[in-house]
Each structure stands twice: as structure tokens, then as C-alpha cells.
Amino acid sequence: MSSTSCCQAISGPFFCRSRTSLRLIAVMAIAGALLLTPTASLQAGWKAGLSKAELTPRTDVWLAGYGSKRVATETLHPLWMKALALDDGAGHQVVLITSDFQGVPKGMSDRVFKQVKKKHGLQRHQIMFTFSHNHCGPRLGEDLIDYYQVEEAQEELVRKYTDRMVIVSVDLIGRALADLQPATIHTGQGRSTFAVNRRNNREADVPALLAAGKALVGPVDHTVPVMTVTGKDDNLRAILFGYACHPTTLSFTKWCGDYPGYAQVEIEKNHPGALAMFVNTCGGDQNPLPRRKLELCQKYGHMLAVGVEEALKKKPLRPVAPGLKTAFEYVPLAYQKLVTRETLTQAQKSSNRIERRWATRLLGKLDNGVKFSPTYPYPIHAWRLGKDTLMIGMGAETVVDFALRFKNEFGPRTWVCGYADDMISYIPSRRVWEEGGYEGGARLYEYGRPAYRWAGDVEKRIATSVHKLVKQVSK
Ligand SMILES: [Zn+2]
């Protein structure tokens with residue numbers, strides 16, 4: 001698929017007003033600026049809108065991830081989608097969605113983007129649909145389709161649930177836009193240390209290493225980026241925060257948001273009336289270790305909430321001046337080698353049940369005349385807020401190297417959000433690709449892709465695009 005790009009500004013209501021109104025607004029703005037403090041006048045242009053919607057299934061849609069049939073037995077806390085709409089007062093708007101989903105597939109998010117464009121006029125570059133990758137959340141659409149045993153009744157439940165979530169997502173965005181009201185935005189940074197590089201530390205060894213006070217190894221990103229949205233009278237309306245780690249503390253049959261869910265519950269309790277929103281930054285190769293106990297999940301949620309609170313206490317937080325620029329494109333990521341009828345026929349004899357299901361499904365596609373594309377359209381966003389706050393949104397399970405690299409290249413006020421718009425697969429850096437293993441090796445069949453591996457230039461293609469988009473929003 002060819003690469004497309006868009007970076008156009010949209011016309012906001014400000015530009016539709018008459019000349020007389022414009023003159024009046026200009027006079028009022030000058031008069032207002034004289035009365036305001038320097039900080040307040042700096043922030044006069046932002047508007048923010050917020051909304052939330054519950055996504056806890058009402059049917060027996062299975063829990064997602066891990067490749068087994070899991071039917072929920074109870075709900076520990078509700079699951080949520082939350083939206084933050086921002087308007088810079090100069091005609092530019094964006095909407096960021098955070099959610100407790102395990103993986104939003106392209107088939108679902110594309111439907112949302114299409115409907116939002118029609119209903120609310122927002123273009124693709126103005127919406128980022130992130131998911132925490134919560135393994136105590138529900139299945140959605142074709143996400144990890146070959147992970148699960150095929151049961152027709154379950155497929156129907158997943159289809160119906162996904163249809164409902166499309167409607168809920170579009171409505172959520174509409175409500176956030178309808179809620180736009182004057183706001184100030186600040187950023188800060190905390191720290192939390194429970195994420196462990198799972199490629200470089202054996203899970204079974206971690207408790208003993210930690211107990212002995214020994215250092216764990218491998219790249220990690222323990223920063224907790226924080227952004228606050230404040231309304232009139234300094235009323236805290238939203239706290240957006242990020243962390244790079246898999247929400248895989250738990251593997252059971254109860255709905256909850258795993259550690260990000262517990263962190264959001266605690267932050268919202270600490271700040272009544274404010275919405276806590278979580279983005280998984282680049283946690284593709286990071287795990288919360290040790291794990292598998294509810295107490296540990298609650299502990300990590302608390303540790304993350306403490307990291308956020310520490311950032312909030314470091315007063316003053318840094319104000320973000322009004323101003324919004326957005327750029328987006330699909331980068332074609334190449335597969336190393338497309339599967340053939342022969343390789344799929346061979347894979348049907350695999351001892352791995354996921355690989356067998358994948359091979360049979362893809363053979364069916366070939367039988368129906370489907371031609372597989374040698375590339376996958378990988379979504380990348382660059383959003384510039386104010387002068388120097390940069391949000392890079394990347395599809396799928398990006399390993400931590402991407403966050404470390406882009407923060408190094410674009411500065412400490414850069415957020416690198418993984419798990420945006422499309423679940424796809426793991427996205428290895430060149431280092432991880434060369435090392436192979438779970439996140440870098442021949443495992444694309446688990447995600448239903450028509451190949452075993454990405455080509456070796458995945459990081460190069462992504463970095464080239466990110467630099468191009470960042471340049472566009474830096475003008
Ligand atoms: Zn994962």
C-alpha cells in the first residue's frame with residue numbers, strides 16, 4: 001500500500017465568524033490580555049472536552065490475550081474508554097482516546113475513524129485511538145483471531161460486541177467535542193520502577209534478584225509522563241499519564257484494568273471529579289514482574305499512581321502554550337517473505353495450535369482468491385502541543401527502544417505512545433530484530449499476518465517517517 005500523508009489544518013468556528021465579530025473579538029482579547037497574568041494570557045486559547053464510556057461486556061465475550069478460552073466470572077472494577085478533545089483556539093482540534101482494551105484491530109478503528117469523519121468532521125490525523133493492552137479486557141474483532149479456539153457462538157458475540165463498541169467510540173468522541181470549554185494544560189514527569197525488561201531477565205529469577213538487591217538488566221523506560229487539564233477556578237479535570245509496561249500482571253477470568261486500571265481508580269479517588277487516562281508508552285518487551293497475584297497488580301497500580309502524584313507535587317508544572325499541529329501517515333512496513341501455499345500447507349502440521357489455525361485460515365483466503373500484500377500500513381502520528389511538547393503515536397506493540405530513541409532525538413518533553421490505532425503485532429527495533437526471540441523473531445503468525453517475520457528495516461522505515469512527521473509539525 002502506498003504511503004499517504006496529511007497535515008492540513010482544519011477550519012474551526014473562529015474562522016467562520018464575520019469581520020465585525022472578529023474585530024470585536026480582537027478588541028476583547030487585547031483588553032482581556034491586559035487584565036490577565038502572563039501565565040493566564042499564555043494559556044487563554046486552549047479548550048478541552050472530556051467524556052467516558054463503560055466498556056465492560058454484558059455478554060460472555062472471552063477475555064483477550066494469552067491464547068486460551070477465558071469466560072469472565074466477575075468484575076473487579078468497570079472497564080472504560082475515555083476521550084480528551086483539545087482545541088487550540090486557532091482552529092485546530094484533536095481527540096485522544098485511552099481505553100482498557102487488550103487490542104483494537106484495524107477493522108474496528110477504521111470504522112470509528114470513518115464514522116467520526118462523517119459525523120464530526122475530524123480527519124485521520126486528528127484522532128489517536130490508544131489501548132492499554134489490558135489482558136483482563138475483552139476480545140475485539142479480528143484481534144489475535146488465531147489465538148482462540150473457533151466457536152461459532154463466540155464469534156457472533158465478538159462481532160456484536162465490536163459493533164457496539166464502534167457506536168460507543170463514535171459517541172464518546174462526539175461528547176468530548178461537545179464538552180469543549182476553556183482550559184489550561186500542564187506537563188510534568190514522575191517515575192515508577194516495576195517494569196522489567198522481559199527479554200533480558202528470566203521471570204523465574206526476578207524475585208530472587210530483587211530480594212538480593214541485585215540490578216536487573218536490559219533497557220527500560222521508568223519515566224511517567226503526566227499531562228494535566230485544568231478548567232475554570234483551577235479545577236483539575238483530567239490527568240493523562242503514561243508508562244511502558246505490559247498489563248499482564250494477571251491471567252484469570254475477572255474483568256479489571258490490570259495495573260493501569262488500579263492506577264486510574266486510585267488517581268480518580270485522589271482527585272474527585274477528574275478523569276485519569278492511561279497510555280501505554282512503548283512497553284512491548286516490558287513486563288510487571290513478579291506477577292500473577294491480585295495483590296501485586298494492586299501494588300503496581302499504586303506504584304504508578306504514586307509516580308503520577310509525585311509529578312503533580314513538583315510545582316510548578318510546566319504550562320503548555322496554546323497551539324496544535326498534527327501530522328499522520330501510514331508507513332508500509334515490509335514482511336521478510338510472504339507465505340506461500342506450500343509453507344501454509346506445511347504449517348498445518350505444526351505442533352503449535354495457533355500456527356495450525358493461522359495456516360488453515362490463510363489457506364482458505366488463498367482459496368478465495370485473496371492476494372496477500374507484501375507490506376502492512378503502519379500508522380504513525382506526530383502531534384505538537386505548544387512550542388515543545390511532542391506526542392508521537394505509533395501502532396502496535398513497540399519495544400522500549402523506540403521510546404528511548406525518540407526521546408533522545410526529540411528531547412525530554414516527547415511522549416512516545418505505543419498501542420495506537422491498530423494492534424498489528426510486535427514491532428521490533430533493529431536490535432531486537434537481530435536478537436530474534438519472542439518480540440523480534442518469526443512469530444507474526446500469532447497475529448494473523450501473512451508472513452513469519454518483518455523485514456530487517458522496520459526501525460529504519462518507522463524512524464524515517466517519524467522524523468518527517470515531526471519536521472512537519474515543527475514548522
Ligand atoms: Zn503484548
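The values are calculated or read from the model by the stated rules, or taken from the named source; none is laboratory data. Treat the numbers as computed from the prediction; the structure is a model and nothing was measured. Here Cβ is always computed from backbone atoms with ideal geometry, including for glycine, and neighbour counts include all displayed protein chains.
Let's see how each residue does on (1) over 17 Å from Val150 (Cβ atoms); (2) touching a Cys at 6+ places or on another chain (Cβ under 8 Å); (3) not assigned by TED's automatic domain parsing to the domain that holds Glu142:
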residue	(1), (2), (3)
Arg361	no, no, yes
Lys365	no, no, yes
Gly369	yes, no, yes
Ile380	yes, no, no
Trp383	yes, no, no
Thr389	yes, no, no
Met394	yes, yes, no
- Note on the structure: Condition set within 15 Å of the ligand (Cβ to nearest atom) and hydroxyl-bearing (Ser, Thr, Tyr), scope segment 132-155, selection nearest to Asp422 (Cα to Cα): answer is Ser132
- Enumeration of residues in segment 272-293 that are more than 15 Å from the chain's Cα centre (by Cα), buried (at least 18 other Cβ atoms within 10 Å of the Cβ) and more than 14 Å from the ligand (Cβ to nearest atom): Ala274, Leu275, Leu289
- Pair list, Cβ under 9 Å, 6 or more apart: segment 115-136 residue in contact (Cβ under 8 Å) with a residue 12 or more places away in the chain and farther than 29 Å from Gly257 by Cα, other residue away from the ligand (no atom under 16 Å from the Cβ) and among the aromatic types (Phe, Trp, Tyr): Gln123/Phe113; Gln123/Phe328
- Note on the structure: Note: among Leu96, Leu122, just one is at pLDDT 95 or above and touching a Cys at 6+ places or on another chain (Cβ under 9 Å), namely Leu96
- Task: Within segment 323-358, track down each residue that is farther than 30 Å from Ala183 by Cβ and basic (Lys, Arg).
- Result: Lys337, Arg341, Lys349, Arg353, Arg356, Arg357
- Task: May I ask you to list the residues in segment 354-364 that are of a type in the set (D, E, K, R) and either without any contact (Cβ under 8 Å) to a residue 40 or more places away in the chain or not in a helix (DSSP H, G or I) (or both)?
- Result: Arg356
- Looking only at segment 52-70, and only at residues there that are over 17 Å from Gly141 (Cβ atoms) and touching a strand residue (DSSP E or B) at 6+ places or on another chain (Cβ under 8 Å), the one that is nearest to the ligand (Cβ to nearest atom): Arg70
- Item | Subset tally (residues that are at pLDDT 95 or above and away from the ligand (no atom under 16 Å from the Cβ)) for segment 386-410 | 13
- Those residues of segment 445-471 which are outside any helix (DSSP H, G or I) and either of a type in the set (Phe, Trp, Tyr) or modelled with pLDDT under 95 (or both) amount to Tyr452, Trp454
- Name the residues in segment 141-198 that are under 24 Å from Ala311 (Cβ atoms) and hydrophobic (A, V, I, L, M, F, W, C), would you? Ala176, Ala183, Ile185, Phe194, Ala195, Val196
